[in-house]
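Peer 1: So that we are looking at the same thing, I have put the structure below in structure tokens.
The values are calculated or read from the model by the stated rules, or taken from the named source; none is laboratory data. Note that the structure is a prediction, hence the values are computed from the model and not measured. Positions of Cβ are generated from backbone atoms using ideal geometry, with glycine treated the same way; all protein chains shown enter the neighbour counts. The area values use the complete protein model at the heavy-atom level, side chains included, leaving out ligands, DNA and RNA. Shrake-Rupley method; radii C 1.70, N 1.55, O 1.52, S 1.80 Å.
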Amino acid sequence: MGLARPALRPDPSLSRAEMEALQRDIAAAATFEDDHALDPAAVAVDEAASLADGLPPARDGAQERLGAGAGAESADASGSTGDPDAPTVVGVDQAFLTDRGEGRPDAAVSAAVALCGGRVIEYASATTPLSIPYVPGLLAFREGEPILAALDALDADPDLLVCDGSGRIHFREAGLATHVGVLHDVPSVGVAKSLLCGEPDESTSERPAGWRTPVRADDAVTTAEPGTVIGHAFQSRQYPNSRRVNPLYVSPGHRVSAETAVDLVAALCAGYKLPEPTRLADAHAERAKHDAE
DNA sequence: GCGACAG
DNA sequence: ATCTTGTCGC
């Protein structure tokens, strides 16, 4: 298993043609199948963290288990709350520092938040200068290194990565989540708030929470047969009387099937539009950003 | 040449 | 993504 693939790093100094070629290599190295036993039920988060009083403190699973012994409340071992044996899910997201004077972002503040049994066990972040502008389809070359830096700063060992952006829903089936998943050789899923390419089977408007439909490759996806299921549109949240929330676009990053990817994200959502790992990483990146300025 | 496109 | 007030609806 030839891991440690420095040749596949999202080096921003490459030419556009080289970046695209590298993405085809990334896609070829990626696996869009379940080659592990990641059970959506095992990673489920059943209670959303309240951000009203700031981010929840990171808890050590072992200490938590010992501490719980004192109370008489033990129990629901069937639940996911704080189970130290549950898989470690890591959410990654970024915020940007904008240069005073210039109107453009100057550096990326990447955050990684590790959850175990639905609870935060660790926060990490890294600030990295930005080297190239945002180009649709080449996001990983702008945000890849910053994200890898945040993951390097994390002690926890991820069983699943949840990235903010597409995975297989990409022109060359090599979105940000695929880059990061392949480089770490860890299962990963991409969660995007808008659709980069591909075509949903059904209209996505006015859908109730829990609804989903496959997203299939169209002509814009150059590496897959048109019609191939590359992800799903997933309505994670909806208000009772108005149907104004847009769906999420969930796709496999690496070592996960399109079906399992949505099931995992559905299990990681706890009442908000974004899955908890992403929501917490978002808040942590924002906090790190403000602490930096 | 025009369109269309994660963050 | 970021720059921002109020505003409508949970």
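Peer 1: Applying 1/(1 + (r/R0)^6) with R0 = 30 Å to the Cβ-Cβ distance of residue A:211 and residue A:157, what FRET efficiency is obtained, to the nearest 0.05?
Peer 2: E(calc), rounded to 0.05, equals 0.30.
Peer 1: For chain A, with only Lys/Arg (+1) and Asp/Glu (-1) charged at the beta-carbon, what is the dipole magnitude about the Cα centre, in debye rounded to 20?
Peer 2: Approximately 740 debye in magnitude.
Peer 1: Between residue A:16 and residue A:47, with labels modelled 7 Å along Cα→Cβ, what's the label distance in nm to one decimal, could you check?
Peer 2: Going by the 7 Å Cα→Cβ label model, 5.1 nm.
Peer 1: What figure, in Å² to the nearest 10, do you get for the accessible area of residue A:9 with a 1.4 Å probe and non-protein molecules left out?
Peer 2: Here the accessible area works out near 90 Å².
Peer 1: Report D for segment A:194-279 in µm² per second (integer): Stokes-Einstein, Kirkwood Rh on Cα pairs, 10 °C, 1.306 mPa s.
Peer 2: My calculation gives 120 µm²/s for D.
Peer 1: Based solely on its DSSP helices, what 222 nm [θ] is calculated for chain A when runs of n ≥ 4 H residues each add -39,500 (n - 2.57) and the sum is averaged over all residues, nearest 500 deg cm²/dmol?
Peer 2: Rounded to the nearest 500, it is -8000 deg cm²/dmol.
Peer 1: When chain A is modelled as a GNM with alpha-carbon springs shorter than 10 Å, which of A:34, A:53, A:99 fluctuates the most?
Peer 2: Evaluated over chain A, the most mobile residue of the options is A:53.
Peer 1: Right, another one. Per residue, how large is the accessible surface of segment A:146-277? Use a 1.4 angstrom probe and give square angstrom.
Peer 2: Value for segment A:146-277: 35 Å² per residue.
Peer 1: Test of understanding: in a Gaussian network model of chain A with alpha carbons linked when under 10 Å, which of A:14, A:38, A:139 would top the mean-square fluctuation ranking?
Peer 2: Looking only at A:14, A:38, A:139, the largest GNM fluctuation is found for A:14.
Peer 1: Who wins for biggest fluctuation among A:164, A:201, A:93 in a Gaussian network model of chain A, springs between alpha carbons below 10 Å?
Peer 2: Of the options given, A:201 has the highest mean-square fluctuation.
Peer 1: With a 1.4 Å probe and every protein chain kept in, tell me what percent of the accessible surface of chain A is carbon plus sulfur.
Peer 2: 47 percent
Peer 1: Cα convex hull of chain A: how many Å³ per residue?
Peer 2: Per-residue hull volume (Cα only) is 147 Å³.
Peer 1: Next question, about the same structure. In the full protein assembly as shown, how much of residue A:239 is accessible to a 1.4 Å probe, in Å² to the nearest 10?
Peer 2: Rounded to the nearest 10, the figure is 90 Å².
Peer 1: Now, a different point. Among A:226, A:56, A:43, which residue has its Cα furthest toward the positive end of the charge dipole of chain A, with +1 on Lys/Arg Cβ and -1 on Asp/Glu Cβ?
Peer 2: It is A:226.
Peer 1: Rank these residues by their accessible area, most exposed first, probe 1.4 Å: A:145, A:259.
Peer 2: Sorted by accessible area, descending: A:259, A:145.
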